[in-house]
Amino acid sequence: MMRNVLALVAGLGLVTASGVARADDASIVEGPGYPVGDGTVVHPTLGAEMGFTNNVFYQDTDVRMSGLLRLIAEASIASKEIQKEEAPDPLLEPGEEAPAEPAHQSVEFRAGGRLTYHEYLSSVDFVRAQRTLGIDLNGHLVAAPQGTVAFAVDEHLYRDTRPTNFESNQGLNRISNDLALWLRYQPGGRTLQAAVGWQNQLDYFEDTDQRFSNRMENTLRLHSEWEFFPFTKLLADFNYGFISGLGSNDLGGMTYKQSAQPIRGGVGIATAITELFTVKAHLGWAYASYANGAGFNMPTVGAELGYRYSPMGRFVVLYDLNAYDSVNADFYRDHLLQGKVDQQFGQFLATLHADLRLRGYRGISAAIGAPSRDDVILSIGARGSYILKDTFAITADYHTDVDQSDYRYVVQNMNGPGLDDPSFIRHEVTVGIRAAF
């Protein structure tokens, strides 16, 4: 059991920072789709990638290299947008009626998903045994989107997969689910919105020996927006949450996932100062006290600056300070500095990004080791996509993930007990294709 716990600490600390799920994994192309009935279209996409990684197991020692093969199948189903009629002739004949305005859509929806099969092209049996299937499903529905009162549902189900750390023969795969329900009030003009919502987030580990880490968070949310200028919006948000373990939550005779009731609130602004320059900023406060004594009581601050330096190029830089509930500790605090550049050259799209996180975990279980851990996490990546006829793309990806940690813990290995370092450096290169239908 202890070796499985240590693998959890070494592995899952990087889940949100090491590119396990990257934003640039989104669909590059989307075809015209296939109509299903009068108001729905299905959009399928198929793809494949081949490449190489120098560090299959995210290790600082005993590093294993391998070729990579990924097969990707995506599909989405969406409501058709009701098309507006052409503007009527202003010089109507006397008594001639103008065409009726098209009816508003009663429901807008989009649902989709991705299956990604990962194969490791290696001569080593236990490297090949890491083959797995990733799942990413999401949905969005709005009833009466143009009405004074609207109801919205957002759902995201994700199977998070990564190679099993060599310190454990148990899997670290987990299922994460995020469900949000919103009731929104938007009076005439749509410049003012107010919404009340409920959000449920849970993490469930597939292996029975890891289920002490299962957790759930329910959050009540209040949110409002005011667009007081055409390109300027003020936002306000208040959240009250309830965090607890799920099911069996015992590790070494102690409760592993501590309960808490985090409170968050803040205000923000999003504006376009010019057609080329955009600014987003938020300021707030976050508080949580966990049952074992750890907690945070801190400001939350963020700012994003975007600049379109050419008709086909834009860069964005941002800073964010926040704290989040954690799988392998009570919570973690992040200082995030991020930059991204997007550039188009005809049919070629290029993206460069870099993320730097100063991360501090607090409230690590005494069954694992010291209560605090501090990491410096760096992610650098580049992607190029050549788009053909909007339905076919050739892609190339490179990214490097670096995690340098001050944490050490005792492990049992073939030579007896020793200290393990969860730090790692990992490079990955892939090329692939996408075809949309």
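The values are calculated or read from the model by the stated rules, or taken from the named source; none is laboratory data. Nothing here was measured: the structure is a model prediction, and the numbers come from that model. Neighbour counts run over all protein chains shown; Cβ positions are idealised from the backbone, glycine included.
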(message) Only one of D207, D136 is modelled with pLDDT under 95 and of a type in the set (D, E). Can you tell me which?
(response) D207
(message) Of the conditions (1) outside any strand (DSSP E or B); (2) without any contact (Cβ under 8 Å) to a residue 24 or more places away in the chain; (3) among the β-branched types (V, I, T), V317 satisfies every one except a single condition; which number is it?
(response) (1)
(request) Quick one: count up the residues across the stretch 114-125 that are buried (at least 16 other Cβ atoms within 10 Å of the Cβ) and either hydrophobic (A, V, I, L, M, F, W, C) or in contact with a Lys or Arg (Cβ under 7 Å, 6 or more places away or on another chain) (or both). (result) 5
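This table checks each residue for (1) out of contact with any Lys or Arg (no Cβ under 6 Å at 6 or more places or on another chain); (2) surrounded by 15 or more Cβ atoms within 10 Å (Cβ to Cβ); (3) among the basic types (K, R).
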{"site": "V127", "(1), (2), (3)": "no, yes, no"}
{"site": "H156", "(1), (2), (3)": "yes, yes, no"}
{"site": "D160", "(1), (2), (3)": "no, yes, no"}
{"site": "N177", "(1), (2), (3)": "yes, yes, no"}
{"site": "L183", "(1), (2), (3)": "yes, no, no"}
{"site": "A195", "(1), (2), (3)": "no, yes, no"}
(message) Looking at D401 and the list (1) assigned to a strand (DSSP E or B); (2) at pLDDT below 95; (3) crowded, with 19+ Cβ neighbours inside 10 Å, which single condition is not satisfied?
(response) (2)
(request) Collect the residues in the stretch 241-258 that are over 24 Å from the mean Cα position of the chain (by Cα) and either in a strand (DSSP E or B) or among the hydroxyl-bearing types (S, T, Y) (or both), keeping them in residue-number order. (result) S248, D250, L251, M254, T255, Y256
(message) Here is a check on your reading of the model: is L172 closer than 30 Å to R64 by Cβ, modelled with pLDDT under 90 and aliphatic (A, V, I, L, M)?
(response) yes
(request) Pick out the one residue from Y307, Y290 that is more than 29 Å from R162 (Cβ to Cβ) and aromatic (F, W, Y). (result) Y307
(request) Read through the list (1) at pLDDT below 95; (2) closer than 30 Å to T278 by Cβ; (3) in contact with a Ser or Thr (Cβ under 9 Å, 6 or more places away or on another chain), then give the number of the only condition that Q199 fails. (result) (1)
(request) Of all residues in the stretch 322-355, count the ones that are in a strand (DSSP E or B) and either farther than 30 Å from S244 by Cβ or polar (S, T, N, Q) (or both). (result) 18
(message) So for the stretch 357-374 (the condition being among the β-branched types (V, I, T) and crowded, with 19+ Cβ neighbours inside 10 Å), does at least one residue qualify?
(response) yes
(message) Kindly evaluate R70 against the criterion of being touching a Ser or Thr at 6+ places or on another chain (Cβ under 9 Å), more than 26 Å from T351 (Cβ to Cβ) and at pLDDT 65 or above.
(response) no
(message) Where the second residue is assigned to a strand (DSSP E or B) and of a type in the set (S, T, N, Q) and the first is more than 18 Å from H427 (Cα to Cα) and lies in the stretch 377-405, which pairs have Cβ atoms under 7 Å and are six or more apart or on separate chains?
(response) S385/T395; A393/S385
(request) Inspect all residues belonging to the stretch 259-270 and state whether any of them is part of a strand (DSSP E or B) and modelled with pLDDT under 95. (result) no
(message) For the structure I just gave you, tell me whether G268 is over 17 Å from G241 (Cβ atoms), in contact with a Ser or Thr (Cβ under 6 Å, 6 or more places away or on another chain) and without any contact (Cβ under 8 Å) to a residue 40 or more places away in the chain.
(response) no
(message) Return the residues of the stretch 325-357 that are in contact with an Asp or Glu (Cβ under 7 Å, 6 or more places away or on another chain) and free of Cβ contacts under 8 Å to residues at least 24 places away in the same chain; say none if nothing qualifies.
(response) L336, Q338
(request) Pull up the stretch 294-314, narrow it to residues that are of a type in the set (A, V, I, L, M) and in a strand (DSSP E or B), then point me to the one that is nearest to P262 (Cα to Cα). (result) M298
(message) So A291 ticks every box in (1) under 22 Å from the mean Cα position of the chain (by Cα); (2) in a loop (DSSP other than H, G, I, E, B) but one. Which box is left unticked?
(response) (1)
